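Student: Below: one structure in structure tokens.
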Amino acid sequence: MFFPLFFLFLAAASAQTAIPLTQIHGRVLDPASAVITNARVELQSREGQTLRRALSDSQGEYLFTGLPAGTYLLSAEAAQFAPSTAELELKAGQSLQYDVALPLARVSARYVVTASSTTQSTDEVAKAFDVIDHEQVDRRQEYSLPEALRLTPGLRIAQLGGPGSLARVQTRGLRTFDTSVLIDGFRFRDTSAPQGDAMGFFGDMMLVDTNRVEVLRGSGSSLYGTHAIGGVINMVTDQGGGPLHGEVAAEGGGLGLFRGSAKLGGGFWHDKLRYTGGITHLNVTRGVDGDDRYRNSSVQGSAYLQLAPRTSLGVRLFASDNFGGLNLAPAALANLPESGDVVAIPEVTFAPSLNDPDSRRAGRFLSSLVTLTHQISSHASFRANYQGLGTSRDNRNGPLGPRFQPQYPTSDRFDGRVDTAQARTDFTVARRHLISAGYEFEREDYDNLSQNENPVAAQRSLARVVVNQSSHALFAQDQVRLLGDRLQLSLSGRWQRFLLSRPEFTGGPPRYAGVALLTPPNALTGDAAVSYFVPTSGTKLRAHVGNSYRAPTLYERFGYSFFQGSFSPFGDPRIAPERSLAMDAGIDQYLANSRVRVSATYFYTRLQEVIGFDFSGVINTQTDPFGRSSGYRNTGGGLARGLELSAEASVARGTRLQAAYTFTNADERNSTLIGGSVSSIRISRHMFTALATQRLWRNLEATFDLFAASDYVYPLFSGGSRPFVFDGPVKADAVIRYTKPLGERTRLEFYTRIENVFNRIYFEDGFRTPKAWAVGGLKFGF
């Protein structure tokens, strides 16, 4: 009922309000005022609704027509020049000329959307924030989301094996599920996962048609809801537009890897219709142990149609189908020290992951987004969005392989579904305030089917649980710009209410049937950020504080184990959301005419209340309404604090340097390890990253990147909860690429990427990782 009334209101507003259209034109120039041809120029409104794209012509000129009045951010970039951004204020009926001057070398300034859910320049952001743009991805020749994020300060990326293996991210010393993954600002969650996060698909997410990846470090629940405790990762899909452009690429080499990809984009009728799309296929035939097969086919694309001068409709699609072989989990060996931490030594104190020939996983996801945008006036707009997200995972195993194996082939299938509908308005008041407010409805479904292939039908196991929950949320934000835009303030808040349905069980008597389902506690979050820029010294001071939450998953509410025809319940429908409080403060200093930027950030996060799995017997079978002796319950959390240091320099036209160091001190409130250690598992206290790009010749470029981390603690299977101390990874990659221009807008690119250049042997949670290996590739662009 809400959305029909919403669209009726838009129609009425359209009939009553007329907005004269305007245009922007100008030239793209170098520091000597010479014109730059084929420069990429983009225009985006402050509210994030209007995107136009153009290439400067042979006279260096660009043109955007048919624009409503309002405030815009214009950005331009070209090969061998640093990008530039500017804010433009357009009046009704105005034809504005603006010439863009691109510097030879400086730290890049771009527009982003994740820090505030509206468009900002990176110079305006008051939070700890990073952007991995398409240029960096191209220089490093990365194709997956985990590898693209590896160098980001405060993020610990781990991949448990070679390409396509399971991967995880931990932000600022927190847990793997404390980072929210977004696609174009909407949550990507596998609702069938125990913690309802994205980690089951994180290693499968390919950069098919991704324009950039934005990373917000710090609390984000007031803007993006559940799971945004430690930070937010947002994959921003390219929006097409401009002249026809695209590329076709292929690469192959070590580990039996082959990858092919193709992209195409452009626009019609002065970009009234913009489109873009990409497809990629990755095939790994050998992997780390010679039998780590992996296949991934992914597609990503979008289209935007301007229905009227003030109304546009957009659609976006991101889908993947993947298959991978699984190995046995690493295990502790016998004759361990009687007490204390165990030094992780392969084949001495632990057995690394062993090949399991008939264990594999198959997964797929489909995320689709529909957006209707209407500009009511030059200072107000509405957006209505719908995202449908379906996920499916099927883990299969058979009797082959070492250690304990099932007698018959088994299948555990997990299907999830999330439907999100959102309506929001963005409007400016006296230019100083940009106010956003909206409503969001979300429904999530969980379906778990477990079975085996026992030839005796009467003894065949079959268990299934189906359950769903829904939520309603209200959110608001006010962004304030004062003192000539030197002072930036942001205040935001979110309220969310949850509604449960009764689960349906097959295969045994459920324990939740006779229990009244009480309304779970609401989630209420708030966020504040402030920054002040001193133009005379090039100094930006910033601070950010907020509380976040993670909504209990359907597995934590109704999870179970199934054995010999009966359910053993783990979940508790009454469980409350996790709560956290976080703050950070930092400084960004620009030097050498903005060719150098150094940053320092102190962060502090306290997990006030979390959801833990209790083995201790605190849960009383006699008094628990579900008859549990172990399971999920609310308990105390932990604490993570530390320091992030980073530097970025564009010292010359062909030289770019980046480096970062992160110190993290993370502790649990209650120890889960033998010996009473409260150190958080998988967390390295020290991390260092570096990235260097050097143009060796006019069309020859070399890129080197390094990730190094100190040791960390992790308990291994069959070792009880004994803490094993693993050496941290040290991984360096190098890329050399040569670009051969074939015409004014066509090019041929040859490249070689060498992974783990130093041939370091390291283990992630005991899983083997590849030694040095390399691929060669060819790319044709137009």
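The values are calculated or read from the model by the stated rules, or taken from the named source; none is laboratory data. Keep in mind that what you see is a predicted model, and the values were worked out from it rather than measured. Backbone-built Cβ (ideal geometry, glycine too); neighbour counts: all protein chains shown. Each accessible area value is taken on the protein alone, full model and side chains, heavy atoms only, with ligands, DNA and RNA left out. Shrake-Rupley method; radii C 1.70, N 1.55, O 1.52, S 1.80 Å.
Student: Sort through G241, G265, G220, G252 and tell me the only one that's over 30 Å from L63 (Cα atoms) and open to solvent by less than 20 Å² (accessible area, probe 1.4 Å).
Tutor: G220
Student: Here is a list of conditions, (1) touching a Gly at 6+ places or on another chain (Cβ under 9 Å); (2) under 30 Å from E701 (Cα atoms); (3) aromatic (F, W, Y), and Y98 meets all of them except one; can you say which number that is?
Tutor: Tallying (1) touching a Gly at 6+ places or on another chain (Cβ under 9 Å); (2) under 30 Å from E701 (Cα atoms); (3) aromatic (F, W, Y), Y98 fails exactly one: (2).
Student: Select from region 497-527 the residues that are modelled with pLDDT of 90 or more and touching a helix residue (DSSP H, G or I) at 6+ places or on another chain (Cβ under 9 Å) and write down the one among them that is nearest to H472 (Cα to Cα).
Tutor: The extreme case among them is T525.
Student: Here's a follow-up. Within region 413-422, is even one residue touching a residue at least 60 places away in the same chain (Cβ under 8 Å), touching a Leu at 6+ places or on another chain (Cβ under 7 Å), of a type in the set (F, W, Y) and crowded, with 19+ Cβ neighbours inside 10 Å?
Tutor: Taking every residue of region 413-422 in turn, none turns out to be touching a residue at least 60 places away in the same chain (Cβ under 8 Å), touching a Leu at 6+ places or on another chain (Cβ under 7 Å), of a type in the set (F, W, Y) and crowded, with 19+ Cβ neighbours inside 10 Å.
Student: To continue, here is another question. Consider P569 against the criteria (1) open to solvent by less than 50 Å² (accessible area, probe 1.4 Å); (2) at pLDDT 85 or above: it satisfies all of them except one. Which criterion is unmet?
Tutor: Just one mismatch for P569, condition (2).
Student: Restricting to region 625-654, give me the number of residues that are touching a strand residue (DSSP E or B) at 6+ places or on another chain (Cβ under 8 Å) and part of a loop (DSSP other than H, G, I, E, B).
Tutor: Number of matching residues: 8.
Student: Let me ask something else. Of the numbered conditions (1) surrounded by fewer than 21 Cβ atoms within 10 Å (Cβ to Cβ); (2) among the acidic types (D, E); (3) under 27 Å from the mean Cα position of the chain (by Cα), E124 fails exactly one; give the number of that condition.
Tutor: (1)
Student: Let me ask another. Could you tell me which numbered condition V725 fails, if it satisfies all but one of (1) open to solvent by 30 Å² or more (accessible area, probe 1.4 Å); (2) of a type in the set (V, I, T); (3) under 23 Å from Q658 (Cβ atoms)?
Tutor: Only one criterion in (1) open to solvent by 30 Å² or more (accessible area, probe 1.4 Å); (2) of a type in the set (V, I, T); (3) under 23 Å from Q658 (Cβ atoms) is unmet by V725, namely (3).
Student: Another question about this same structure. Could you tell me whether A708 is closer than 15 Å to L155 by Cβ, within 24 Å of the chain's Cα centre (by Cα), of a type in the set (A, V, I, L, M, F, W, C) and surrounded by 18 or more Cβ atoms within 10 Å (Cβ to Cβ)?
Tutor: no
Student: How many of the residues making up region 733-769 are open to solvent by less than 60 Å² (accessible area, probe 1.4 Å), assigned to a loop (DSSP other than H, G, I, E, B), among the β-branched types (V, I, T) and more than 20 Å from L149 (Cα to Cα)?
Tutor: Of the residues in that region, 1 qualify.
Student: Another question, if that's okay. Somewhere in region 271-289, is a residue surrounded by fewer than 18 Cβ atoms within 10 Å (Cβ to Cβ), on the phi > 0 side of the Ramachandran plot and of a type outside the set (F, W, Y)?
Tutor: no
Student: Have a look at R364, R403 and point out the one that is open to solvent by 20 Å² or more (accessible area, probe 1.4 Å) and assigned to a strand (DSSP E or B).
Tutor: R364
Student: Let me ask something additional. Just one of (1) more than 21 Å from V757 (Cα to Cα); (2) in contact with a Leu (Cβ under 6 Å, 6 or more places away or on another chain) trips up A692, so point out which.
Tutor: Looking at each condition in turn, A692 falls short on (1).
Student: Looking at region 617-632, is at least one residue buried (at least 20 other Cβ atoms within 10 Å of the Cβ), at pLDDT 85 or above and either over 22 Å from the mean Cα position of the chain (by Cα) or among the hydrophobic types (A, V, I, L, M, F, W, C) (or both)?
Tutor: yes
Student: I need every pair where a residue in region 757-777 that is under 18 Å from S165 (Cα atoms) and touching a residue at least 12 places away in the same chain (Cβ under 8 Å) has its Cβ under 7 Å from the Cβ of a residue that is open to solvent by less than 30 Å² (accessible area, probe 1.4 Å) and of a type in the set (F, W, Y), sequence separation at least 6 or different chains.
Tutor: Within 7 Å, the pairs are F763/F726; G766/F350; T769/Y762; T769/F763.
Student: Looking only at residues that are among the acidic types (D, E) and in contact (Cβ under 8 Å) with a residue 24 or more places away in the chain in region 66-117, which one is least open to solvent (accessible area, probe 1.4 Å)?
Tutor: Ranking the candidates gives E77 first.
Student: Can I ask one more? So the check is Cβ under 9 Å with 6+ separation or different chains; which pairs have a first residue in region 263-280 that's free of Cβ contacts under 8 Å to residues at least 24 places away in the same chain and part of a strand (DSSP E or B) and a second one that's of a type outside the set (G, A, S) and open to solvent by 80 Å² or more (accessible area, probe 1.4 Å)?
Tutor: Listed pairs, sorted by first residue: L264/L244.
Student: Could you grab me the full set of residues in region 347-359 that are part of a strand (DSSP E or B) and either of a type in the set (G, A, S) or in contact with a strand residue (DSSP E or B) (Cβ under 7 Å, 6 or more places away or on another chain) (or both)?
Tutor: Hits for region 347-359 are F350, A351, N355, D356, D358, S359.
Student: Just the residues that are at pLDDT 90 or above and surrounded by 20 or more Cβ atoms within 10 Å (Cβ to Cβ), please, taken from region 635-647.
Tutor: G638, A640, G642, E644, S646 - these are the residues of region 635-647 that are at pLDDT 90 or above and surrounded by 20 or more Cβ atoms within 10 Å (Cβ to Cβ).
Student: When you go through (1) in contact (Cβ under 8 Å) with a residue 60 or more places away in the chain; (2) open to solvent by less than 50 Å² (accessible area, probe 1.4 Å); (3) within 30 Å of S381 (Cα to Cα); (4) in a strand (DSSP E or B) one by one for V480, which number turns out not to apply?
Tutor: (1)
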